[in-house]
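Single-structure report; data block below.
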Amino acid sequence: MHLLYPQGKPEEVRVHDFLDKEVGKAIPYGVYDMTENQGWVSVGIDHDTARFAAEAAHRWRKKMGSKCYRGAKRLLITADGGGSNGSRCRLWKVALQDLADRLHIPIHVCHFPPGTSKWNKIEHRMFCHITQNWRGRPLVSHDVIVKLIGNTNFLAQ
């Protein structure tokens, strides 16, 4: 028996997208810089959308990428073949064009073939460590989720 949670009285936690009726879902979306071996994770609270995916890339560029790649003349994004950033998603293409217009650089996208999302380095270098970091800890709020992601050390693992 765990001292904090007596038998028969477990703490209620969120499942799936950590849905909370008052504040929405918690949807982590990551950017992994293969060259610098660094990651950036944005946590959204609405829906996993193409705009959210493009905004995560924009925030990475603003906070991390612009420091590492001063004067870059283009941006290469590798992405899974499905979901909000899929190769057939028109909204993803529109969101990327909007991002390219804001950054004033062309954006090139390489999609992984269908069924090969596990080839994406973000799965191996970031999200597996995030999952291990929060394993066994109740995900009771967005604040807890953000702190657990923020406390994950990708480089040491």
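The values are calculated or read from the model by the stated rules, or taken from the named source; none is laboratory data. The shown structure was predicted, so the numbers you read here are calculated from the model rather than taken from an experiment. Note that we place each Cβ from the backbone using ideal geometry, even for glycine, and neighbour counts take in every protein chain shown.
Taking the numbered list (1) within 23 Å of Ile45 (Cα to Cα); (2) touching a residue at least 40 places away in the same chain (Cβ under 8 Å); (3) surrounded by 15 or more Cβ atoms within 10 Å (Cβ to Cβ); (4) not aromatic (Phe, Trp, Tyr) in turn, Ser84 passes all entries but (2).
Among the residues making up the stretch 113-149, those that are assigned to a helix (DSSP H, G or I), more than 22 Å from Asn85 (Cα to Cα) and in contact (Cβ under 8 Å) with a residue 60 or more places away in the chain are His142, Ile145, Val146. Anything in the stretch 100-112 that is part of a loop (DSSP other than H, G, I, E, B) and either among the β-branched types (Val, Ile, Thr) or surrounded by 15 or more Cβ atoms within 10 Å (Cβ to Cβ) (or both)? List them, or say none. Residues satisfying the conditions are Ile105, Phe112.
Looking at Gly39, Gly44, which one is in contact with a strand residue (DSSP E or B) (Cβ under 8 Å, 6 or more places away or on another chain) and either among the hydroxyl-bearing types (Ser, Thr, Tyr) or touching a residue at least 40 places away in the same chain (Cβ under 8 Å) (or both)? Steps first, answer last, please.
Details: Gly44 fails: either among the hydroxyl-bearing types (Ser, Thr, Tyr) or touching a residue at least 40 places away in the same chain (Cβ under 8 Å) (or both).
The match here is Gly39.
Annotation note: Cβ proximity below 6 Å between a residue of the stretch 57-78 that is touching a residue at least 12 places away in the same chain (Cβ under 8 Å) and a residue that is assigned to a helix (DSSP H, G or I) and not small (Gly, Ala, Ser) (sequence gap 6+ or interchain) occurs for His58/Leu99.
Here's a check for you: in the stretch 50-72, which residue that is touching a strand residue (DSSP E or B) at 6+ places or on another chain (Cβ under 8 Å) and of a type in the set (Phe, Trp, Tyr) is modelled with the highest pLDDT? Step by step, filter the stretch 50-72, then rank; the result is Trp60.
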